[in-house]
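Data first, discussion second: the structure below is written as structure tokens.
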Amino acid sequence: MEKSAESSALGEYAPLSFVVGHASGVLPTRSTLLEQKKALRKGRESATQESRQERSDTPERRRLFRVVQDSLLEEERIEKELESKFIPQHGSSQLISPRAFFVSPLFRVSSRSTARSDSVTIEMQSERQGLVLKYIGPELRQSDGLVFMALLNLTRDAQAGCTVHFSAEELCRAVFQRYDGKSRMLLKDHIVRLQRGLVQFADVSVQLCQRFHFPSRGQWSVALDADIVALFKTSMNVWVDFQRRRVVPEGLSSWLYGFIESQSRLIPMPLPTLQELCGSDAEPESFARMLRRSLNDLVDLQVIDEGWTIGQGVVRWRKTRPAGTMASTGSATSAAGEPAARVAADVVDV
């Protein structure tokens, strides 16, 4: 079968190659809760059907009515647990992030030859009631953002705060498309950096990664901050396609990809505004050249249409929505979505 232009641009699709895991301890996974809710709904529907066969005000009909009411209450409890203890639902081929992260210099654009700052403070404006999110920690760049979203995907079936074991090799191959000593160390450095980063809002302070164990042999493990779920309630959430994000050139192109996917439509944008948002410290002329190259990259990946222009210091562009692109923007929907088909290794209640 002939490949589409999109598949040719992206290469062969390869989902995150995480092993199917299992949970031990008393904390259920998202998949377990969804199965419980499905069974409750099935039992409730059966009880409803049976009650219709009974005469009114009989002991059996009253019993069936209680079964239905109890089931509804338990389903509501499970839904609340899914919403309060798990990051928003997304599949194995998706990445997710709060929108505020995509429209700010949190994961900034910078040359690899430029030394990172040990400590920075970045304020991000949420679109919800003017809430301000403040990041305090080491300077983060676009590659850190990719690893952060990969960790969210890795732990998506576990309750926030649980330890999730994974193969360092598989995660390196999924994110960096290679595995060797250098990529293994690179992954470790990224996660340690995320561990040191704090996002503060309202009366909450959240680590981007709370615990990280990286033995020289065997599986590694991470645990997200249990309060990270609250972070996703401060901002609209953006779902992006994992494969597309992985192949877009790192730097301004990858930042623009996230920014574009966070917008319902693209409006003319002054170049100084874009440069401030992405955190680039390049000279204006150099930034304009970088932007032209990046826009061509995004045309090749069918993220924006051809025909973009830069004139009088303003970029005019239009986003495309190729068939099969799995990206959307919005607040977290019902947590009882499609069950995650893959779990990133073993989930342990600690």
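The values are calculated or read from the model by the stated rules, or taken from the named source; none is laboratory data. As the structure is a prediction and not an experimental result, all values here were calculated from the model. Every residue, glycine among them, receives a Cβ derived from its backbone with ideal geometry; neighbour counts consider all protein chains shown. We work out accessible area using only protein heavy atoms, side chains counted, and drop any ligands, DNA or RNA first. Shrake-Rupley method; radii C 1.70, N 1.55, O 1.52, S 1.80 Å.
Other residues lying with their Cβ under 12 Å from the Cβ of S126 contribute a combined charge of +2, Lys and Arg counting +1, Asp and Glu -1. Computed 3J(HN,Hα) for region 137-146, one whole-Hz value per residue from the Karplus formula 6.51 cos²θ - 1.76 cosθ + 1.60 where θ = phi - 60°, is x, x, 4, 10, 10, 4, 5, 5, x, 5, glycine and proline marked x. Taking a 20 Å limit on the Cα-Cα distance, which of the listed pairs K134/K188; K37/K85; K134/K233 fall beyond it? Distance filter (> 20 Å) returns K134/K188. By the gyration tensor of its Cα atoms, with a ≥ b ≥ c the square roots of the eigenvalues, what is the shape of region 108-176: rounded for a/c under 1.5, prolate for a/b over b/c, or oblate? It is oblate, given that a/c is not under 1.5 and a/b is not larger than b/c. Each other residue within a Cβ distance under 15 Å of S235 adds +1 if Lys or Arg and -1 if Asp or Glu, for a net charge of 0.
The share of accessible area on region 91-185 that comes from carbon and sulfur is 46 percent, using a 1.4 angstrom probe.
Entry comment: accessible area of region 150-260 is 34 Å² per residue, from protein heavy atoms only and a probe of 1.4 Å.
Label-to-label distance for D189 and S216 is 2.0 nm, based on points extended 7 Å past Cα in the beta-carbon direction. Amide H to amide H, with H built 1.01 Å from N, Q94 comes under 5 Å of F242, counting only residues 5 or more places away or on other chains.
Amide H contacts of T29 (H built 1.01 Å from N, in plane; Pro and chain starts excluded): no residue 5 or more places away or on another chain comes under 5 Å. When a 1.4 Å probe is rolled over the protein heavy atoms, the share of accessible surface on region 192-290 that falls to carbon and sulfur comes to 52 percent.
Taking amide H as placed 1.01 Å from N in the peptide plane, V314 has its amide H under 5 Å from the amide H of L271, each at least 5 places away in sequence or on another chain. Taking the centroid of alpha carbons for each part, region 249-274 and region 29-106 are 38 Å apart. Mind checking the full-extension length gain between R55 and K42? Use 0.36 nm per residue of separation minus the Cα-Cα distance, one decimal, nm. Full extension from R55 to K42 adds 2.4 nm.
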